[in-house]
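First up is the structure itself, then whatever we jot down about it.
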Amino acid sequence: MKPSHWILLVFLIITLLLTWSLREILIQIFAAIIIAMALCSLTGRIKSLLSIPRILALFLSISSILIISIVALFIIVPQFTNELQLLIIELPSAAKEILSFCYEKINEISILIDRNYGSSLLGNSLVEELTLPIPEGSTIANGVTDSISKIVGLAGNVGIGIVQLIFVLSVSLMITVQPISYREVFILLIPSFYRRRTRSILLICGEALTSWMFGVLISSTFVAFIAGIGLYLLGVKLVIANALIAGFLNIIPNVGPTISTIFPMSIAFLDSPWKALAVLILYIIIQNLESYVITPSIMHKQVKLLPGLAITAQFIFTIIFGPIGLLLALPLAIVIQVLLKEIVINDILERKENLLIN
């Protein structure tokens with residue numbers, strides 16, 4: 001290898017190591033860009049609708065978000081917090097009830113086997129393998145409390161989380177004020193012959209992310225609203241907490257909807273196993289409506305991701321970035337897919353193929 005190649009290789013290794021060491025900051029900057037794009041989209045819509053200067057439209061956008069946040073803080077958040085605390089308190093009782101139900105059904109199956117086939121090794125082994133002493137409520141409560149503590153611990157120290165949130169919001173606000181300036185600073189790092197193409201690729205990424213954000217907002221609102229109505233009609237307790245959890249976890253594809261089903265089913269099981277089954281059917285219907293009716297109608301311009309690729313992206317980015325990687329897995333995958341399509345396929349592979357044909 002030539003000396004220049006060695007220098008390039010060393011530079012590439014150093015860049016990769018530096019990127020890996022700064023991965024937490026980079027994912028926070030990406031989150032700030034997502035928020036900034038949402039603010040820019042809202043600002044652009046207000047500007048075109050009211051025909052006012054951009055700075056005034058930005059002021060109206062931020063003001064409206066602050067007003068909505070304050071209203072939610074004083075009206076929705078207290079009720080949600082109270083119901084969430086009750087939900088955590090009810091989970092041990094629900095867990096004990098579910099275990100009791102399962103053991104009861106196992107015993108019924110064992111008795112049925114003994115009645116039809118006599119005392120058999122199959123029936124005895126089934127009971128021995130599947131039945132265990134039902135833990136006391138305090139033991140279950142301690143287990144659930146420990147599990148919840150571990151889940152909360154994934155977010156890290158509260159103080160550090162607040163600092164990171166302030167950092168993300170500050171960066172997003174600065175980008176929103178001067179988005180073109182920040183874009184041009186980034187483009188200056190690109191070789192001059194590829195800068196015009198880079199601008200068009202960034203616009204494509206922006207359109208894909210904007211479509212994703214708009215679609216997620218509408219679909220999550222739909223899921224929360226329909227889940228709240230359905231749980232209320234079924235008579236399930238803690239409607240607001242479960243509905244908001246369903247709407248929030250809808251942001252995380254595949255994993256989120258599955259997790260959101262556990263909480264209302266556990267609470268409904270305290271009343272009746274059939275009510276828990278009705279909750280499961282309700283959530284299946286909601287997710288099918290969201291997947292096959294709502295999402296295709298409002299996100300038809302979004303970059304399409306295969307389910308396998310989405311799950312793979314969630315797994316990889318969660319390992320690399322932690323919980324925030326799971327939350328941002330889909331937008332990260334969308335950006336990477338756009339970059340691969342536009343740069344690797346269109347600009348490299350297809351261009352080489354055209355040169356060979358000509």
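Assess whether G247 counts as being farther than 23 Å from Q314 by Cβ, open to solvent by less than 30 Å² (accessible area, probe 1.4 Å) and either in contact (Cβ under 8 Å) with a residue 24 or more places away in the chain or in contact with a strand residue (DSSP E or B) (Cβ under 6 Å, 6 or more places away or on another chain) (or both).
No; evaluated as a whole, the condition is false for this residue.
The rows are residues; the columns are (1) within 30 Å of V239 (Cα to Cα); (2) modelled with pLDDT of 75 or more; (3) not hydrophobic (A, V, I, L, M, F, W, C).
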| site | (1), (2), (3) |
| --- | --- |
| R45 | no, yes, yes |
| L56 | no, yes, no |
| P92 | yes, no, yes |
| K105 | yes, no, yes |
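Here's the yes/no breakdown for (1) of a type in the set (D, E); (2) touching a residue at least 40 places away in the same chain (Cβ under 8 Å); (3) farther than 27 Å from K341 by Cβ:
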position	(1), (2), (3)
L165	no, no, yes
A208	no, yes, no
L233	no, no, yes
V255	no, yes, no
P264	no, no, yes
D271	yes, no, yes
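Determine which single condition R197 fails, assuming it passes every other condition in (1) open to solvent by less than 40 Å² (accessible area, probe 1.4 Å); (2) farther than 29 Å from T318 by Cα; (3) at pLDDT 90 or above.
Exception for R197: condition (1).
Yes/no matrix, rows are residues, columns are (1) at pLDDT 85 or above; (2) open to solvent by 50 Å² or more (accessible area, probe 1.4 Å); (3) not in a helix (DSSP H, G or I):
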{"position": "K237", "(1), (2), (3)": "no, yes, yes"}
{"position": "I259", "(1), (2), (3)": "yes, yes, no"}
{"position": "M265", "(1), (2), (3)": "yes, yes, no"}
{"position": "I286", "(1), (2), (3)": "yes, no, no"}
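Is there a residue in region 61-84 that is under 25 Å from the mean Cα position of the chain (by Cα), part of a helix (DSSP H, G or I), surrounded by 14 or more Cβ atoms within 10 Å (Cβ to Cβ) and modelled with pLDDT of 80 or more?
Within region 61-84, one or more residues are under 25 Å from the mean Cα position of the chain (by Cα), part of a helix (DSSP H, G or I), surrounded by 14 or more Cβ atoms within 10 Å (Cβ to Cβ) and modelled with pLDDT of 80 or more.
Suppose the filter is at pLDDT 90 or above and in a helix (DSSP H, G or I); does S211 pass it?
no
Against the definition (at pLDDT 70 or above and surrounded by 13 or more Cβ atoms within 10 Å (Cβ to Cβ)), how does I98 come out, yes or no?
It is true that I98 is at pLDDT 70 or above and surrounded by 13 or more Cβ atoms within 10 Å (Cβ to Cβ).
Select from region 48-60 the residues that are under 29 Å from L244 (Cα atoms) and open to solvent by 90 Å² or more (accessible area, probe 1.4 Å) and list them in ascending order.
Correct list: F59 only.
Pick out the one residue from S219, S181 that is modelled with pLDDT under 90, assigned to a helix (DSSP H, G or I) and open to solvent by less than 30 Å² (accessible area, probe 1.4 Å).
On inspection, the qualifying residue turns out to be S219.
Residues in region 225-235 that are part of a helix (DSSP H, G or I) and open to solvent by 20 Å² or more (accessible area, probe 1.4 Å): how many?
Residues in region 225-235 being part of a helix (DSSP H, G or I) and open to solvent by 20 Å² or more (accessible area, probe 1.4 Å): 6 in total.
So, of the residues in region 288-312 that are open to solvent by 40 Å² or more (accessible area, probe 1.4 Å) and among the hydroxyl-bearing types (S, T, Y), which turns out to be modelled with the highest pLDDT?
Among those residues, the one meeting the criterion is T312.
Tell me which residues, restricted to region 1-47, are under 22 Å from I251 (Cβ atoms), open to solvent by less than 100 Å² (accessible area, probe 1.4 Å) and among the charged types (D, E, K, R).
Once the filter is applied, which keeps residues that are under 22 Å from I251 (Cβ atoms), open to solvent by less than 100 Å² (accessible area, probe 1.4 Å) and among the charged types (D, E, K, R), region 1-47 yields only R23.
For every residue, the table says whether it meets (1) assigned to a helix (DSSP H, G or I); (2) of a type in the set (A, V, I, L, M, F, W, C).
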{"position": "L8", "(1), (2)": "yes, yes"}
{"position": "F11", "(1), (2)": "yes, yes"}
{"position": "I35", "(1), (2)": "yes, yes"}
{"position": "S41", "(1), (2)": "yes, no"}
{"position": "K47", "(1), (2)": "yes, no"}
{"position": "I52", "(1), (2)": "no, yes"}
{"position": "I55", "(1), (2)": "yes, yes"}
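Residue-wise test of (1) acidic (D, E); (2) closer than 22 Å to I294 by Cα.
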{"position": "S181", "(1), (2)": "no, no"}
{"position": "Y194", "(1), (2)": "no, no"}
{"position": "R197", "(1), (2)": "no, no"}
{"position": "E207", "(1), (2)": "yes, yes"}
{"position": "G215", "(1), (2)": "no, yes"}
{"position": "S219", "(1), (2)": "no, yes"}
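Residue under question is T176, and the condition is that it be in a helix (DSSP H, G or I), in contact with a Leu (Cβ under 9 Å, 6 or more places away or on another chain) and of a type in the set (V, I, T); does it hold?
Against the criterion (in a helix (DSSP H, G or I), in contact with a Leu (Cβ under 9 Å, 6 or more places away or on another chain) and of a type in the set (V, I, T)), T176 qualifies.
The values are calculated or read from the model by the stated rules, or taken from the named source; none is laboratory data. Just so we're clear, the structure is a prediction, and the values are computed from it rather than from any experiment. So basically every Cβ, Gly included, is an ideal-geometry build from the backbone, and we count neighbours across all protein chains shown. Areas reflect the complete protein model, heavy atoms only, side chains present, ligands, DNA and RNA absent. Shrake-Rupley method; radii C 1.70, N 1.55, O 1.52, S 1.80 Å.
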